[in-house]
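**Q** Just passing along the structure, written as structure tokens.
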Amino acid sequence: MPLALFGANLDQKQIKHFTASDALFMLCLLAALVAVGLIGHLAYQEGVKTEAAKANAAQLKDWFDQLEAATAKGLGSPLEDCADDAEKTWENCQNALLGEKGPLRGVKNPFDAALPVLGPKCDRADLNTRGLVVVEKGTPAPPGAPPAVSFGVMENGEKLTKDLPLRIMVCDKGSYALKVAEVKL
């Protein structure tokens, strides 16, 4: 007699093929698979929204690149309120960017169309900052210090000056800042 069958009871009448505990296990397995599928779908939707916010920021970056090229050729700003003449303010420029002739006209916040597109900063305590395109101003290091640029909030009354370093970011679903690009005005 083979060792594998030694002592084994081979009576088919006593073996149950599918028990209640098997059914419970299969039900739990099915529930876990459905939960993983739903969580994956939600994560995908949030990722699509974040990428749409990055596309909004990329439009703004492209506009700043075109502005830099136009300025290098001696042409003025296509949006008068965004001219780098040290008289225009960031608030006026924001309104122009979102206006009829601006590069962000018709752009919506992908997380909620009722939320603004441009904002001052990402705030993890405020989920209404999700999807915002944030522009920060750069401040060069003082003379004598190692060359570096530190970025901070661009206030509405901030004057627009030539070669002002700017960092463009977006706020993701958790209102964390994601860097998109650095440009100069």
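**Q** Criterion first (out of contact with any helix residue (DSSP H, G or I) (no Cβ under 7 Å at 6 or more places or on another chain) and either basic (Lys, Arg) or under 18 Å from Asp172 (Cβ atoms) (or both)) does Arg105 satisfy it?
**A** Judged against the criteria, Arg105 is not a match.
**Q** In addition: Taking the residues in region 130-185 that are closer than 15 Å to Leu60 by Cα and among the charged types (D, E, K, R) as candidates, determine which candidate is nearest to the chain's Cα centre (by Cα).
**A** Looking at the filtered set, the residue picked out is Lys179.
**Q** If you don't mind, another one. Show the residue pairs that are 6+ apart or on different chains and have beta-carbon atoms under 7 Å apart, the first residue being within region 43-71 and closer than 22 Å to Gly174 by Cα, the second being in a helix (DSSP H, G or I) and among the small types (Gly, Ala, Ser).
**A** As it stands, the answer is none, since no pair meets every condition given.
**Q** Being within 16 Å of Phe64 (Cα to Cα) and in contact with a strand residue (DSSP E or B) (Cβ under 8 Å, 6 or more places away or on another chain) is the filter here; which residues of region 155-169 pass it?
**A** Leu160, Asp163, Leu164, Pro165, Leu166, Arg167, Ile168, Met169
Coordinate-derived values only; no laboratory data. Just so we're clear, the structure is a prediction, and the values are computed from it rather than from any experiment. Neighbour counts run over all protein chains shown; Cβ positions are idealised from the backbone, glycine included.
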